[in-house]
Every structure is written in structure tokens, then in C-alpha cells.
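In what follows, a single structure is set out as C-alpha cells and then discussed.
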Amino acid sequence: MAEKLLIIGSGPAAWTCAIYAARANLNPVLYEGALTEENRQRGTLPLGQLNLTTDVENYPGFAKGVLGPELMEAMREQAIRFGTRIMTEDIARIDLSRRPFVVVDSAGASAQAHAVVIATGASANYLGLESEERFKNHGVSACAVCDGALPRFRNKPLVVVGGGDSAAEEANYLSRYASSVQLVHRRDALRASSIMAQRLLSNPKVRLVWNSVVEHVRGDENSGLTGVQVKDLKTGQASMLDASGMFVAIGHTPNTAFLAGQLELDPKGFIVLKDPFRTTTSVEGVFAAGDVADPLYKQAITAAGMGCKAALDAERWLADENID
């Protein structure tokens, strides 16, 4: 028998969707991902990227902040409380060409569903340095809006890596809190739009480090990150930038590979919403929520809001299709 609703993902969008869907008696089943080393390295383990974050200070309702793992575990428990069934497996393949839709998980088991919500998120791109991995959440971040105002970074020198709009926006944002910001870019001109570039270049707290790449991140267990070693690509000379934080702003990769081209995606791989005010996709009965369909905001609260919308959209669609 086909499930009414199958949810794929394990972040705020997925769990919020599950809470709303379960309370609506849709009896959802949620695939939260498998406990594998590959998922750990990609940041796609169960409970999502917030589970790898220490302090979350901007999620409403927590005046003193909340630990990322604590917030995500509470969402999961709330979804279970209302009857969500959880599978700790990845979705390896999905067939959206027929109804009910068919999925095959990483254990080889198949399931059918009348409606599907895809909330698999987007993985931040990092530099791939061993030292960078060591200091993730201890000075290395990929989200200035999430972490920039934390005490660790306030009134401290910071480094941003990148040269596009995201890097320019993050450097300008961080300049509100940091004592100084140095932006490391491998070229001698920004890839950012002219207006974003101009804002950055006119910011007195930002210094550009041109034609350079990050080679190594320095720090210790007590202080976390304390410096960033960069290499000048023209001279080959290495230098150390004093910093209490490094923000990597080289884009995100949406977790959509398993879709195998069956949904409309934008040029960067994000799911295109048929109606920007809803969560409908190019395939009727398939909905998308959270960072996988949001190349702009990528925040926990916006993901949760989209998860709510996806559950309501799916509920109404199932009712219109007379699927009980």
C-alpha cells in the first residue's frame, strides 16, 4: 500500500513538515538519512547541518539561545510524538514518472507514496583542507548570518574566502561585528555584481587580499582558530593573517543528485518552485521545502516556514485528489 506522504530530509524544513503532516493525520514517513561516513563529510547526517552547530542565537523563542543539536532533537521528538515514522536511510533512487511515486532507499528497500516532500537541504562548499575540517564550528563557518554575531567573533579580526556576491555580502555583514575583515580571493577582480562589489570596496573595515588562496588554518583546542595562512598565487609567498574566524563563502551545493533530472532545477541545481509563494514543483504531487529550493536565504527559520507550507500544500493536494 502506498504511503500518503513521504518526506525526504532531516533539517528544520523536514521536521516541521512532519509535525504539521502528522497532526493532519497524513501518517507521514520521513527518511532522515543514513549514518555513514560519506554523509558525515558532506554534512548530511540525520538532523542536518544545525546538528553540527553549537550556539543558535537567532531562532525565535529562545531568548538565551539554544544549542543546535538540542533544537534539532526537540524537532525530531515533536514529530515522533504526533506519529511520524522515521527511516534512518538515504533515498538512493526515486521514480517520479509514475504514480504512486516509487523510492528505493540505501538499504535496497522500496516504498510507494502518493505525495513527496523533498527537504534535503544544500551543503555548504568548503575548501577541503584538513585543518579547516578540524576547526569547523570552532572558528570556521559557512554562514555569517548564523554565526557572525557570536561572542567568538565580536570585535575580532575575521577572514572571508570568496569573490562572488555571497562573499561580498558576508564580508559587509561581518564588518558590523568584527574589528576588521580580510577577504581572500584567488583573482585580481571580484566576481560579485557591481553594486555588491562597490559596497565592499568602499567599506573601511574590509581589506582585499587579491590573487591568494588559503593553504592552512591555525589554532588550538582552547582558543579555536587563531590564524589563516594564505599563499600569493603570483609570487608564491605565504603569509599568516591573524583571525579569530574564517567564513567560507564559495557557494552551496543542493542535495538533488538523487533526483536524476526528474524535477526542474535552476542552473545551480536548486529545485525550481512552480509558484514562488507555494512549495509546488514541476511534478504534480511533489513539493520542495528548505534550502534545497532556497538559493537566497538559507536560514533555519525560513526552512521551517517552508516545511509548514509544504505540509499544508500536500494535505490540500491529497484532498483534491481524493486520496484518503
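The values are calculated or read from the model by the stated rules, or taken from the named source; none is laboratory data. Everything numeric in this text was worked out from a predicted model, so none of it was measured. In this analysis, Cβ positions are derived from the backbone assuming ideal geometry, glycine residues included, and neighbour counts consider all displayed protein chains.
List of remarks:
- When the strands (runs of 3 or more DSSP E) confined to the range 89-140 are screened for residues that are of a type outside the set (Asp, Glu) and in contact with a His (Cβ under 8 Å, 6 or more places away or on another chain), those reaching at least 1 such residues are found at 101-105, 122-124.
- Exactly one residue out of TYR173, TYR177 is of a type outside the set (Gly, Ala, Ser), under 22 Å from LEU225 (Cα atoms) and in a loop (DSSP other than H, G, I, E, B): that is TYR177.
- Which numbered condition ARG186 misses (of (1) crowded, with 19+ Cβ neighbours inside 10 Å; (2) of a type outside the set (A, V, I, L, M, F, W, C); (3) closer than 22 Å to GLY227 by Cβ): (1)
- VAL213 vs. criteria out of contact with any Cys (no Cβ under 9 Å at 6 or more places or on another chain), buried (at least 19 other Cβ atoms within 10 Å of the Cβ) and not small (Gly, Ala, Ser): no
- Selection status of ALA311, modelled with pLDDT of 95 or more, farther than 25 Å from ASP147 by Cα and either buried (at least 24 other Cβ atoms within 10 Å of the Cβ) or not assigned by TED's automatic domain parsing to the domain that holds SER10 (or both): yes
- Residue selected from the range 146-164 under the condition over 20 Å from the mean Cα position of the chain (by Cα) and part of a strand (DSSP E or B), by the criterion surrounded by the most Cβ atoms within 10 Å (Cβ to Cβ): LEU158
- Some residue of the range 140-152 being at pLDDT 95 or above and not β-branched (Val, Ile, Thr): no
Quick grid of which residues meet (1) over 30 Å from GLU315 (Cβ atoms); (2) surrounded by fewer than 20 Cβ atoms within 10 Å (Cβ to Cβ):
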site	(1), (2)
GLN112	no, yes
ILE118	no, no
LEU127	yes, yes
GLY139	yes, no
ALA144	yes, no
ALA167	yes, no
ALA178	yes, no
VAL181	yes, no
LEU190	yes, no
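- Within the range 143-164, tally of residues that are at positive phi and in contact with a strand residue (DSSP E or B) (Cβ under 8 Å, 6 or more places away or on another chain): 1
- Pairs, first closer than 10 Å to MET246 by Cα in the range 123-151, second among the charged types (D, E, K, R), C-beta under 6 Å, six or more apart: VAL140/GLU132; SER141/ASP147; ALA144/GLU170
Yes or no, residue by residue, for (1) touching a residue at least 12 places away in the same chain (Cβ under 8 Å); (2) buried (at least 21 other Cβ atoms within 10 Å of the Cβ):
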residue	(1), (2)
ILE8	yes, yes
GLY11	yes, yes
ALA21	yes, yes
LEU30	yes, yes
ALA34	yes, no
THR44	yes, yes
ALA63	no, no
ARG76	yes, yes
ARG81	no, no
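- Count of the range 227-270 residues which are aliphatic (A, V, I, L, M), surrounded by 18 or more Cβ atoms within 10 Å (Cβ to Cβ) and more than 19 Å from GLN49 (Cα to Cα): 7
- Among the candidates ALA119, ALA111, residue that is in contact with a helix residue (DSSP H, G or I) (Cβ under 8 Å, 6 or more places away or on another chain), aliphatic (A, V, I, L, M) and at pLDDT 95 or above: ALA119
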